[in-house]
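Notes follow the structure.
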């Protein structure tokens, strides 16, 4: 699912839609009102985001309300945090190598 989520977020309109629905559920029309794209285009983008696990939908009478899906976002965050841990480790090594008292190879 992470690959689908990353692919979905590769589109700037889908990223903007996710920003719009992260604070609460909205119908397609209200989402489209906040974007420079048509309502049918927003519906297509929402379909991609839903398939990627980043957006969930629920029925409210005759309306479909879309909101960010915390489960999908948590999975994406966990994936991205694996890179953060590696980056912090590399930063620590670089900082220690540049510390006073270490030679060119980073040895004391």
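Table for the structure above
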item: Region 42-64 and region 65-87: distance between their alpha carbon centers, rounded to Å; result: 19
item: Nearest-ten-degree value, helix 39-51 long axis tilted from longest Cα axis of the chain; result: 50
item: Helix 70-98 vs. the chain, principal-axis angle (Cα, 0 to 90°, nearest 10); result: 20
item: Angle in degrees between helix 12-21 and the longest Cα principal axis of the chain, rounded to the nearest 10; result: 70
item: Inter-label distance for residue 88 and residue 51, nm, one decimal - labels placed 7 Å from Cα along Cα-to-Cβ; result: 3.6
item: At 1.002 mPa s and 20 °C, Stokes diffusion of the chain via Kirkwood alpha-carbon radius, µm² per second; result: 133
item: Calculated FRET value between residue 71 and residue 43, using beta carbons and R₀ = 25 Å, to 0.05; result: 0.70
item: Mean Cβ count within 10 Å, highest first, over the residues of peptides 91-98, 53-60; result: 53-60, 91-98
item: Equivalent ellipsoid semi-axes - Cα gyration tensor, region 36-85, angstrom; result: 26, 14, 7
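Bear in mind that the values in this text are calculations on the coordinates, not laboratory data. Small disclaimer: the values here were computed from a predicted structure and weren't measured. When we count neighbours, we look across all protein chains shown, and the Cβ atoms used for this are built from the backbone with ideal geometry, even at glycine.
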